[in-house]
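Everything on this sheet refers to the single structure shown next.
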C-alpha cells in the first residue's frame, strides 16, 4: 500500500509499505478515506525537529474499519470513523477525567505502541490503530452518505485542528462575557475562532495580516481583525476596545513570539489557552504569569473527547471546520502537499489516498 | 513613631520614623492595631533578594483610620479596616474584573506610590495608605469589639495569607469532586487547606513532615497528610487514592522544588494554583504543562476581592485563619519576630505596635 514517509528536512515521499494487520486484540485496521497535513508536521519537514530515521507520518484521518481485534466492540467492520491524533486507553485516570491526550498509554501515529510494534502514519492507504476500543470514533454515517453530503472535510477536521481549537477555548474557559483574541491564523487559529464563537464569546479578534485568512476568519465568526504585531498589537486592541485588552487569548502557534503576543494582549487576570506545540524557545515566564495573575492552560488536545461535543454541530451544519482546507491532493503528491503548506500557498491540505 | 526597617540580610530593626501624613486626596493614615511577618518577607531577610537601600517593611495590617484625604468616602475616621497587601485603584480593567493585584496602578508597602511618594511598611505604628478609596476594607466592627471577640488575628490573616490561600484554590477552580494536594505547610499552605475545604473539596492532602504543622493542618480541614517528598510523593498519593493522583495541587512555596512537586502529584489534565512568590529558579516547564494538559493559574492574590468573600466566614466562625499565628511579639522585638520565622520556631508571627 502507498503511505507517506518522512526521510528528513523537506523530504517526504509516498512509498510502498506493507499492508497493516491486526497485531493485538485491541487493534483495528482502517482504510483511510481522507487524511491531511498538520502545521505540526511542518516542524520536522522544516528540520526544526530532527528526523533521525525515516518513519511514516501524518496523524489525522477519517476512514472505514476493515479489520477488528477480538477485544474491540466500540465499532463494527464497515463503520466510518474519525480517529483522534493521539490514541488512548479510555480507562486510566486522565482518560476517565476527559484528558485522553494525557493518557498513561498515549500512543502516536508514526511511532511505536506500548507493545513495541510500529504504528503507521495517517497519511497512507491503511492504518493499524492500536488502543482501538477507545480510539475509534464512529460517526454514524456511511462513507457514501458522508461523501454525498460533503461532510468528509468537516469530520476530518475533528481529528485534530477543530478539537485543538476547542481545547484552547475550553482550557481558557471562554464564555459569553469574553473578548477573545486568537493568535495565529493557521488552521488551528481559524478553528479557535470557530470554538470561541461556539462557546459564546461576545467578540472574537483574529490576529492576522493575510487577506485570504482574514476573510476566512470573518466567515468563521471573527468579529474583528487586528493586523498589528509585537508592541503595536496591544495598542491596536486597546483602540478597538475603548482602552481595554482582551479577556482571553488563544495561542495557536507555539513559538516564543506567539506566546509573548498572547500574554501581551490580555488584561490582568486574563486567561490563555495554548495549543501551539511549543517550539522555537516558547516558554511560560513565571514572573509574568504571577504578577499579571494570568491563568494558562491547554496543551495537547484531547480530541477523542471534543469530537463527541463537535460531531452534532458538524452534522447539523452549525460549524464548518473543514473550511480550513483550501487544497486537496492525491496521496501520491504528498511532497507537494507539504511544500504548499510550507510555502503558505495553502492553509491546510487534504490528502486523498 | 516606631516602624520596622530592613537594612540587609538578617538585619531588620525597629526604628523611629516620621509620622505619616495625608499627601494626596486619595490617601488615608491608619493606626496599626496588628501587623505580621510574611513568608515572602523572609526572601530579603535571607538575602535571597537583595536589599539595596534600607526601607520600611511589612505588608499585612489591621488598623483604625485616623486621617482621610478629601476624595476618600469608602471609610470613616475611627473605622477598623483590613488593608490588602497590594493597593489598587478599583477602576482599571484588571480591578473591574476582580484582579486588583494586577491593577494598572498597583502599589506596594515599603515602596513608592505612583506620585513618587514613599509608602510606609505595615510593620509600624502608623501607615499612609495611597489609593485608599479602594484599598481600605472596613470590617464593620469597632476595634474594641474585634479585640473582645478575639477576631483580630483572623481579620489580619485576610490581608494576605488567607486571601492568598483562597486565590490558589480559586485559580485552580477547586470544587466538590476534587482531591486537592497542598504543597507547603507554611501559613499560606495552611490557608490553602482552609480554602480548599471552603470550596468543597472532598479530600485535602496536606504535604507536610512537621508534627506541629500537620496537627494544625488537620484541625483546619486536611483529611490526609503525606510526609513524602520528591519522587516518593506521587507514590504515596497513589497509595492513598487507590492508584490515582490528585486532581489539583496548590503550590504555596515558590521554589523550583515545590513547583516540580505540585506538577508531579496531579493527574493528566490536573490544575495547579500557584501563589508562592517565584524564587530560587521556580519555573513553568512549558513542555510538561503541554504534554500533561495541566492548567496553571494564580499569582499574586487579589486580597481586596477575597476579603469580601471571607469576612462573613470569619465573623460567623466558619473559618479561623488566624490559627496560623503561633507567636505574638511587640513591634520593638521585630528582629526576633523575623528570626523566629527564619529558624522555623514559629509558623507566622503577629506583631503588636
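Any read-out appearing in this document is the output of simple, stated calculations on the displayed coordinates, not a laboratory observation. Note that the coordinates shown come from a computational prediction; the quantities given were computed from them, not determined experimentally. Virtual Cβ from ideal backbone geometry, glycine too; neighbours counted across all protein chains shown.
Based on DSSP, what percent of beta bridges with both residues in the stretch B:162-298 are antiparallel, to the nearest 5? Walk me through the numbers before you get to the answer.
Numbers: 0 of 21 bridges.
Once the DSSP bridges in the stretch B:162-298 are tallied, antiparallel ones form about 0 percent.
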If each DSSP helix of 4+ residues adds -39,500 (n - 2.57) and the sum is divided by the residues in chain B, what number results at 222 nm, nearest 500 deg cm²/dmol? -8000 deg cm²/dmol
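Computed FRET efficiency, Cβ-Cβ of residue A:238 and residue B:335, R0 45 Å: what is it to the nearest 0.05? All intermediate terms of the calculation are to be shown ahead of the outcome.
Values: r = 47 Å, r/R0 = 1.05.
Efficiency, rounded to the nearest 0.05: 0.45.
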How shielded is B:164-172 by partner chains, expressed as the average number of their Cβ atoms within 10 Å of its Cβ atoms? 1
Round to the nearest 10 and give me the degree value, 0 to 90, for the angle of helix B:161-171's Cα axis relative to the longest principal axis of chain B. 50
For residue A:229, place a label point 7 Å out from Cα along the Cα→Cβ vector, do the same in each other copy, and report the separations in nm, one decimal, smallest first. 4.5
Per residue of B:292-304, count partner chain C-beta atoms within 10 Å of its C-beta, then hand back the mean as an integer. 6
What average number of partner chain Cβ atoms lie no more than 10 Å from the Cβ of the residues making up B:86-97? 3
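Using a Förster radius of 45 Å, what is the FRET efficiency between residue A:215 and residue B:209 based on their Cβ-Cβ separation? Nearest 0.05, please.
Details: r = 60 Å, r/R0 = 1.34.
After rounding, the FRET efficiency stands at 0.15.
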Fraction of beta bridges assigned by DSSP in chain A that are antiparallel (%, nearest 5): 55
Could you give, in nm with one decimal, how far residue B:54 is from each other copy of that position, shortest first, with labels 7 Å out from Cα toward Cβ? 7.6
How far, in whole Å, is the closest Cβ of chain B from the axis that maps B onto A, and which residue does it belong to? B:284, 2
What do you get for the angle between helix A:211-220 and the principal long axis of chain A? Use alpha-carbon atoms, 0 to 90 degrees, nearest ten. 80
Output the 0 to 90 degree angle, nearest 10, between the alpha-carbon long axis of helix A:303-315 and the longest principal axis computed from the alpha carbons of chain A. 80
With the label 7 angstrom out along Cα to Cβ, how close does residue A:173 come to the same site in each of the other copies, in nm, nearest first? 0.6
Which ordering of A:143, B:308 is given by a fewest-first count of other beta-carbon atoms within 10 Å? B:308, A:143
Simple spin-label model, 7 Å along Cα-to-Cβ: residue A:228 to residue B:46 in nm? 4.3
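State the antiparallel share, in %, of DSSP beta bridges confined to the protein assembly as shown, rounding to the nearest 5.
Values: 66 of 116 bridges.
Once the DSSP bridges in the protein assembly as shown are tallied, antiparallel ones form about 55 percent.
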When chain B is treated as a Gaussian network with springs between alpha carbons less than 10 Å apart, the largest mean-square fluctuation among B:184, B:63, B:243 is found at B:243
Which residues among the stretch B:1-44 fall inside the zone where the amide N is under 11 Å from a point 7 Å beyond the Cα of residue B:64, along Cα→Cβ? B:31-33
GNM result for chain B, Cα springs below 10 Å: residue of B:181, B:262, B:70 fluctuating most strongly: B:70
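For residue B:145 and residue B:283 in one chain, what is 0.36 nm times their gap in residues minus the Cα-Cα distance, to one decimal in nm? Show your work: numbers first, answer last.
Details: separation 138, 0.36 × 138 = 49.68 nm, distance 4.47 nm.
Computed gain between residue B:145 and residue B:283 is 45.2 nm.
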Given the options B:220, B:156, B:294, state which has the largest fluctuation in a GNM of chain B using a 10 Å cut-off (strictly under) for Cα springs. B:294
